[in-house]
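The next block holds one structure in the form of structure tokens; read it before the comments.
The values are calculated or read from the model by the stated rules, or taken from the named source; none is laboratory data. Keep in mind it's a predicted model, so treat the numbers as computed, not measured. Glycine gets a Cβ as well: all are built from the backbone with ideal geometry, and neighbour counts include every protein chain shown.
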Amino acid sequence: MCVLLGSPDDLRHPGVREAAERARDLLRSAADADELATCYRALDTALRRAGDARGLVNESRGAAAPGIVPHIKVAVCPGPAQCTRVERARDLLPAPQCAVNGTRMRKGRLGPAQ
């Protein structure tokens with residue numbers, strides 16, 4: 001947001017300045033995560049309509065934003081005493097087989113604290 005708000009070229013496109021200023025105001029007022037996420041989506045859409053294919057989230061602007069938490073889908077041990085095995089879980093494929101418990105691993109989300 002800081003880079004975007006400091007870029008007069010990005011803000012000159014129709015709808016982008018208004019959406020960016022609304023997001024800034026919500027951040028300053030400590031708005032809840034749902035309201036921020038909705039505002040970020042509107043800002044991302046305005047940037048893309050203005051021809052910025054990167055949208056709001058890209059390498060130069062950063063992928064972290066208050067209220068937006070990245071999750072990675074993983075398959076974890078299905079047993080009662082869970083081991084530390086973690087596998088990538090793809091949406092359309094079943095979870096891998098657990099060799100110890102003889103059943104499929106269960107799918108879950110790996111949060112930032114893990």
Could you look through the range 37-71, keep only residues that are within 12 Å of the chain's Cα centre (by Cα) and either in a helix (DSSP H, G or I) or modelled with pLDDT of 85 or more (or both), and pick out the one that is surrounded by the most Cβ atoms within 10 Å (Cβ to Cβ)?
-> Y40
Would you mention how many residues in the range 90-101 are in a loop (DSSP other than H, G, I, E, B) and modelled with pLDDT of 80 or more?
-> 5
Taking the range 72-89 only, how many residues are surrounded by fewer than 15 Cβ atoms within 10 Å (Cβ to Cβ), part of a loop (DSSP other than H, G, I, E, B) and among the aliphatic types (A, V, I, L, M)?
-> 1
How many residues does the range 11-34 contain that are surrounded by 13 or more Cβ atoms within 10 Å (Cβ to Cβ) and assigned to a helix (DSSP H, G or I)?
-> 12
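Within the range 1-10, work out how many residues are in contact (Cβ under 8 Å) with a residue 12 or more places away in the chain and not in a helix (DSSP H, G or I).
Applying the first criterion (in contact (Cβ under 8 Å) with a residue 12 or more places away in the chain) to the range 1-10 yields 1, 3-5, 10.
Narrowing further to those that are not in a helix (DSSP H, G or I): 1.
Adding up the residues that qualify gives 1.
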Hey, does the range 79-89 have a residue that's more than 13 Å from the chain's Cα centre (by Cα) and either over 26 Å from V100 (Cβ atoms) or at pLDDT 85 or above (or both)?
-> no
